[in-house]
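A.B. asks: If you scroll down you'll find the structure; I have some questions about it.
The values are calculated or read from the model by the stated rules, or taken from the named source; none is laboratory data. Source: prediction; values computed, not measured. Don't worry about glycine lacking a Cβ; one is built from the backbone with ideal geometry, like all the others, and counts go over all protein chains shown.
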Amino acid sequence: MTSTNGRKKVIAIDGPAGSGKSTVARALAVRLGFDYLDTGALYRAAALKLTRSGLNESSDDAALSTVLRNTSIEYKNAAVYLDSEDVSVEIRTPEAGHFSSIFSARKPVRDYLLDIQRNAGLSTDIVAEGRDMATVVFPDAWKKFYVTADEQVRAQRRYKQLKEKKADVTKKEAIADVASRDARDTARALAPLVRAADAVEIDTTNLSIEETIQKMLKALAI
Ligand code: DC
């Protein structure tokens, strides 16, 4: 399937942490036979490389660029490879989430990941999910969604997710983490989380995963 501009079809889904966008994006991709691209995983892998290299939020852009120049990040078969090492599990810790939000505000990191993300949409139809899919990475996407939910509900979902992964985190910490990540991801100067003017907004606060997918399929007219 190709879109009108000759590229493969891209369904762009953006939204804040815990909105349910990853779960529905993955399920939607399976239903439609599209590939799934989790761009948060790419930011988490980049942050892992930078922290492993001893960098932190005070490091300057030149230091970030030097490390990233010698870094390879690949997303294949729902796994993320950092310099050929499968880091899919390691990037899911609360610490990795924190640093991904910090480093994702930085230009060298966003520039580095831009082509990796765009290339994923060249040869297959994809459901791409993140914070700036509809606004920056795939502004000509076939369909765009902005998925959101009440902050308390998002924090509760994030807490449940982390507990399922046996993370050592309290509910209070999960709530604080969601709030601070939202603030950082929406307030940053570069590619902040924002609903694209032409995105369909879906509030999942009172919706099940299936109900959310049904709303999306309806919007896609499928
Ligand atoms: O979706 P996630 O929680 O795995 O994303 C981790 C961080 O990466 C998030 O706090 C912000 C950043 N991110 C981004 O800036 N742009 C994207 N397209 C995806 C994620």
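A.B. asks: What about A63, is it away from the ligand (no atom under 14 Å from the Cβ), part of a helix (DSSP H, G or I) and over 23 Å from E210 (Cβ atoms)?
C.D. replies: Details: away from the ligand (no atom under 14 Å from the Cβ): yes; part of a helix (DSSP H, G or I): yes; over 23 Å from E210 (Cβ atoms): yes.
Answer is yes for this residue.
A.B. asks: For P192, all conditions in the list (1) surrounded by 14 or more Cβ atoms within 10 Å (Cβ to Cβ); (2) within 13 Å of the ligand (Cβ to nearest atom); (3) part of a helix (DSSP H, G or I) hold save one; what is the number of the exception?
C.D. replies: (3)
A.B. asks: In the range 20-53, which residue that is in contact (Cβ under 8 Å) with a residue 40 or more places away in the chain and farther than 26 Å from K143 by Cβ is surrounded by the fewest Cβ atoms within 10 Å (Cβ to Cβ)?
C.D. replies: So, considering only residues that are in contact (Cβ under 8 Å) with a residue 40 or more places away in the chain and farther than 26 Å from K143 by Cβ, the one surrounded by the fewest Cβ atoms within 10 Å (Cβ to Cβ) is T51.
A.B. asks: Under the condition of being in contact (Cβ under 8 Å) with a residue 60 or more places away in the chain and acidic (D, E), which residue from the range 167-222 is farthest from K107 (Cα to Cα)?
C.D. replies: E173
A.B. asks: Hey, among the residues in the range 1-28 that are more than 25 Å from D203 (Cβ to Cβ) and not in a loop (DSSP other than H, G, I, E, B), which one's modelled with the lowest pLDDT?
C.D. replies: T2
A.B. asks: May I ask you to say which residue of A174, A179, A183 is surrounded by 21 or more Cβ atoms within 10 Å (Cβ to Cβ), within 15 Å of the ligand (Cβ to nearest atom) and assigned to a helix (DSSP H, G or I)?
C.D. replies: The conditions single out A174.
Matching residues to (1) farther than 19 Å from V136 by Cβ; (2) at pLDDT below 95:
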{"residue": "L55", "(1), (2)": "yes, no"}
{"residue": "D60", "(1), (2)": "yes, no"}
{"residue": "R69", "(1), (2)": "yes, no"}
{"residue": "S88", "(1), (2)": "yes, no"}
{"residue": "I91", "(1), (2)": "yes, no"}
{"residue": "E95", "(1), (2)": "yes, yes"}
{"residue": "S101", "(1), (2)": "no, yes"}
{"residue": "L113", "(1), (2)": "no, no"}
{"residue": "N119", "(1), (2)": "no, yes"}
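A.B. asks: Among (1) within 12 Å of the ligand (Cβ to nearest atom); (2) touching a helix residue (DSSP H, G or I) at 6+ places or on another chain (Cβ under 7 Å); (3) under 26 Å from K166 (Cβ atoms); (4) charged (D, E, K, R), where does R92 come up short?
C.D. replies: Looking at each condition in turn, R92 falls short on (2).
A.B. asks: Next question, about the same structure. So is K107 touching a residue at least 12 places away in the same chain (Cβ under 8 Å) and touching a strand residue (DSSP E or B) at 6+ places or on another chain (Cβ under 9 Å) or not? Explain how you work it out, then say what you get.
C.D. replies: Working: touching a residue at least 12 places away in the same chain (Cβ under 8 Å): yes; touching a strand residue (DSSP E or B) at 6+ places or on another chain (Cβ under 9 Å): no.
Answer is no for this residue.
A.B. asks: OK, next. Of everything in the range 6-56 that's of a type in the set (D, E, K, R) and touching a helix residue (DSSP H, G or I) at 6+ places or on another chain (Cβ under 8 Å), which residue is farthest from the ligand (Cβ to nearest atom)?
C.D. replies: Initially, the range 6-56 is screened for residues of a type in the set (D, E, K, R), giving 7-9, 14, 21, 26, 31, 35, 38, 44, 49, 52.
Still in the running and touching a helix residue (DSSP H, G or I) at 6+ places or on another chain (Cβ under 8 Å): 14, 31, 35, 38, 44, 49.
Numbers: D14: 7, R31: 21, D35: 16, D38: 7, R44: 6, K49: 14 Å.
Out of the qualifying residues, it is R31.
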